[in-house]
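Engineer: Handing you a structure now.
The values are calculated or read from the model by the stated rules, or taken from the named source; none is laboratory data. Only a predicted model underlies this, so the values are computations on that prediction, with no experimental measurement involved. Using ideal geometry, Cβ is built from the backbone for each residue, glycine included, and neighbour counts are taken over all protein chains shown.
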Amino acid sequence: MTSLDALLLTFCLIATGLHVISAGLAMWRCRAPRDTLPPPGGAPAVTILRPVCGIDNFDEATLRSGFELDYPDYDLVFCCEDEGDPAAALVRDLMTRHPGVRARLLTGRDAISANPKLNNLVKGWPHVRGDWLIFADSNVLMPPDYIQRLLSGWRPDTGVLCAPPIGSLPAGFWSELECAFLNTYQARWQYAADTAGFGFAQGKTMLWRRKDLAAAGGIGALACEIAEDAAATKVVRGLGLSASLVDAPFAQPLGARSARQVWDRQARWSRLRRVTFPAIFAPEVLTGGLLPIAAGTLAADAVGVPAPAAFAALATVWIGSEALLARVAGWHLSPLAWVARDALLPALWLQAWLFGGFNWRGNEIRAEAKMQPT
């Protein structure tokens, strides 16, 4: 066996082992809940801030889900930059249809950072009532026990409790590719890291104790990074607390997606990860299945295994682990999309190092840009 063969086999075995372990950890954390949690006794007041901008697939269903929560004491605060935005009209209609829910719509923009979502949300901070605050994107589908599941996941050392988006209801291959990125790749690694004690915030859903965020300087503290979830991770660590993930995360229904939409979203996220946590982002290029499978196949003859047999065995382990995770968690299965995703990972990683800026909902943003908290 040559030194090159030994190096290839070592890489293949380590990468494959980590893949299987990460899938197992995610399975343990992401099993679909069997029962709906009842509201806790003496349920504390909770305020949900939801930024809205434009109309996307399933927005009526995802925004309506916030009005149908089985929780006795919560407020919905919607934040929209433009009074004439179609999303504002949808929110007004939902408020009219659900008069028994405490909800309000705030409009206007405060430029405290280079992050348009944070600029949209900041006006909601003075309207937070009670001890608990949730930031929830407009495309998160909230189950009736959404608040209970978040509160039940809180631990004494928690500073922010999050849930990554889980793609559901795809329509077409590109939407299935989006699921492949969101679910059995990104959510898998996030839950594996969180279970191992290296949790990071994820901005789709974030539960805060109001006093913790106030101690850090209020919502303006999240302007310390271009991405509010990266900022949240650093803020809570600065308080001596941790960012963690709730078990059994929540769905984001997708519908139809174009290839450009999927690429732009993943390119934006990869650039943000590269800027905010470069040391952790650097090895991402090695996390897909194509390079380890290729390495094991090339070196198989050195240990007396025919290359085709090695390829088939490794592909079965990689795809089978993801399929089992998706089955246990109740997520969408699409092995062909998983292969396409892994083929795109090196290109996404490379463009993240070569380019910094991106366009998000009409805003031209430099990934390195930030403003000081106010």
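Engineer: Filter the range 28-66 down to the residues that are touching a strand residue (DSSP E or B) at 6+ places or on another chain (Cβ under 9 Å), part of a helix (DSSP H, G or I) and not polar (S, T, N, Q) and list them by number.
Structural biologist: The answer is R29, C30, A61, L63, G66.
Engineer: Checking A6 against (1) over 22 Å from the mean Cα position of the chain (by Cα); (2) in a helix (DSSP H, G or I); (3) crowded, with 16+ Cβ neighbours inside 10 Å, which single condition isn't satisfied?
Structural biologist: (3)
Engineer: Can you name the residue in the range 26-82 that is among the hydroxyl-bearing types (S, T, Y) and touching an Asp or Glu at 6+ places or on another chain (Cβ under 6 Å) and is also farthest from W208 (Cα to Cα) among such residues? Spell out how you get there, then give the answer.
Structural biologist: Kept after step one, since they are among the hydroxyl-bearing types (S, T, Y), are these residues of the range 26-82: 36, 47, 62, 65, 71, 74.
From the residues that got through so far, the ones that are touching an Asp or Glu at 6+ places or on another chain (Cβ under 6 Å) too are 36, 47.
Details: T36: 22, T47: 10 Å.
Of everything passing the filter in the range 26-82, T36 is farthest from W208 (Cα to Cα).
Engineer: Residues to consider are A295, A223, A232; find the one that is at pLDDT below 95 and either crowded, with 16+ Cβ neighbours inside 10 Å or on the phi > 0 side of the Ramachandran plot (or both).
Structural biologist: Going through A295, A223, A232 in turn, the sole match is A223.
Engineer: I would also like to ask the following. Looking for something in a helix (DSSP H, G or I), more than 12 Å from the chain's Cα centre (by Cα), in contact (Cβ under 8 Å) with a residue 60 or more places away in the chain and closer than 22 Å to K117 by Cα - is there at least one such residue anywhere in the range 182-195?
Structural biologist: no
Engineer: Moving on to the next point. Could we say that G217 is of a type outside the set (V, I, T), farther than 28 Å from I55 by Cβ and either without any contact (Cβ under 8 Å) to a residue 60 or more places away in the chain or surrounded by 18 or more Cβ atoms within 10 Å (Cβ to Cβ) (or both) here?
Structural biologist: When the stated conditions are applied, G217 does not pass them.
Engineer: Please work out which residue is nearest to S175 (Cα to Cα), limiting yourself to the range 230-253 and to residues that are part of a loop (DSSP other than H, G, I, E, B) and of a type in the set (A, V, I, L, M, F, W, C). First the steps, then the outcome.
Structural biologist: Residues of the range 230-253 that are part of a loop (DSSP other than H, G, I, E, B), as a first pass: 239-241, 246-250.
Still in the list and also of a type in the set (A, V, I, L, M, F, W, C): 239, 241, 246, 248, 250.
Numbers: L239: 39, L241: 36, V246: 25, A248: 21, F250: 17 Å.
Within the range 230-253, the match that is nearest to S175 (Cα to Cα) is F250.
Engineer: Give the residues of the range 254-303 that are closer than 20 Å to V317 by Cα and not in a helix (DSSP H, G or I), sorted by residue number.
Structural biologist: Within the range 254-303, T287, G288, G289 meet the criteria.
Engineer: Working only within the range 170-224, note down all residues that are hydroxyl-bearing (S, T, Y) and in contact with a strand residue (DSSP E or B) (Cβ under 8 Å, 6 or more places away or on another chain). Even if it seems obvious, please write down each step before you answer.
Structural biologist: Looking only at the range 170-224, we keep the residues that are hydroxyl-bearing (S, T, Y), and these are 175, 184-185, 191, 195, 205.
Residues satisfying the conditions are S175, Y191, T205.
Engineer: Moving on to the next point. Please tell me if D145 is acidic (D, E), touching a residue at least 24 places away in the same chain (Cβ under 8 Å) and in contact with a Pro (Cβ under 8 Å, 6 or more places away or on another chain). Outline the logic, then answer.
Structural biologist: Values: acidic (D, E): yes; touching a residue at least 24 places away in the same chain (Cβ under 8 Å): yes; in contact with a Pro (Cβ under 8 Å, 6 or more places away or on another chain): yes.
Taking the combined requirement at face value, the residue satisfies it.
Engineer: Can you go through G153, G167 and tell me which one is surrounded by 19 or more Cβ atoms within 10 Å (Cβ to Cβ), touching an Asp or Glu at 6+ places or on another chain (Cβ under 9 Å) and among the small types (G, A, S)?
Structural biologist: Step by step, each of G153, G167 is checked, and only G167 is surrounded by 19 or more Cβ atoms within 10 Å (Cβ to Cβ), touching an Asp or Glu at 6+ places or on another chain (Cβ under 9 Å) and among the small types (G, A, S).
Engineer: Test L272 against the stated conditions and say whether it is touching an Asp or Glu at 6+ places or on another chain (Cβ under 8 Å), touching a residue at least 40 places away in the same chain (Cβ under 8 Å) and within 20 Å of Y185 (Cα to Cα).
Structural biologist: In short, no.
Engineer: Out of L325, L348, L344, report the one residue that is in contact with an Asp or Glu (Cβ under 9 Å, 6 or more places away or on another chain) and in a helix (DSSP H, G or I). Break it down into steps so the answer makes sense when it comes.
Structural biologist: Values: L325 fails: in contact with an Asp or Glu (Cβ under 9 Å, 6 or more places away or on another chain); L344 fails: in contact with an Asp or Glu (Cβ under 9 Å, 6 or more places away or on another chain).
The match here is L348.
Engineer: Quick check on the range 172-181. Is at least one of its residues assigned to a loop (DSSP other than H, G, I, E, B), buried (at least 19 other Cβ atoms within 10 Å of the Cβ) and of a type outside the set (V, I, T)?
Structural biologist: no
Engineer: I would also like to ask the following. Evaluate the range 103-118: report whether one residue or more is in contact (Cβ under 8 Å) with a residue 24 or more places away in the chain, hydroxyl-bearing (S, T, Y) and not in a helix (DSSP H, G or I).
Structural biologist: Scanning the range 103-118, I find at least one residue that is in contact (Cβ under 8 Å) with a residue 24 or more places away in the chain, hydroxyl-bearing (S, T, Y) and not in a helix (DSSP H, G or I), so the answer is yes.
Engineer: Taking the condition of being surrounded by 20 or more Cβ atoms within 10 Å (Cβ to Cβ) and either among the β-branched types (V, I, T) or within 18 Å of T287 (Cβ to Cβ) (or both), how many residues in the range 307-334 meet it?
Structural biologist: 6
Engineer: Considering (1) surrounded by fewer than 17 Cβ atoms within 10 Å (Cβ to Cβ); (2) without any contact (Cβ under 8 Å) to a residue 40 or more places away in the chain; (3) farther than 22 Å from L169 by Cβ, say which one D73 fails and leave the rest.
Structural biologist: (2)
Engineer: Could you tell me whether R92 is surrounded by fewer than 17 Cβ atoms within 10 Å (Cβ to Cβ), touching a Leu at 6+ places or on another chain (Cβ under 7 Å), farther than 19 Å from T205 by Cα and among the charged types (D, E, K, R)?
Structural biologist: Values: surrounded by fewer than 17 Cβ atoms within 10 Å (Cβ to Cβ): yes; touching a Leu at 6+ places or on another chain (Cβ under 7 Å): yes; farther than 19 Å from T205 by Cα: yes; among the charged types (D, E, K, R): yes.
Against the criterion (surrounded by fewer than 17 Cβ atoms within 10 Å (Cβ to Cβ), touching a Leu at 6+ places or on another chain (Cβ under 7 Å), farther than 19 Å from T205 by Cα and among the charged types (D, E, K, R)), R92 qualifies.
Engineer: Taking the range 27-63 as the search range and keeping residues that are surrounded by fewer than 18 Cβ atoms within 10 Å (Cβ to Cβ) and among the basic types (K, R), which one is nearest to the chain's Cα centre (by Cα)?
Structural biologist: Result: R31.
Engineer: Within the range 154-171, track down each residue that is in a strand (DSSP E or B) and either of a type in the set (A, V, I, L, M, F, W, C) or farther than 22 Å from M27 by Cβ (or both).
Structural biologist: Hits for the range 154-171 are T158, G159, V160, L161, C162, A163, I166, L169, A171.
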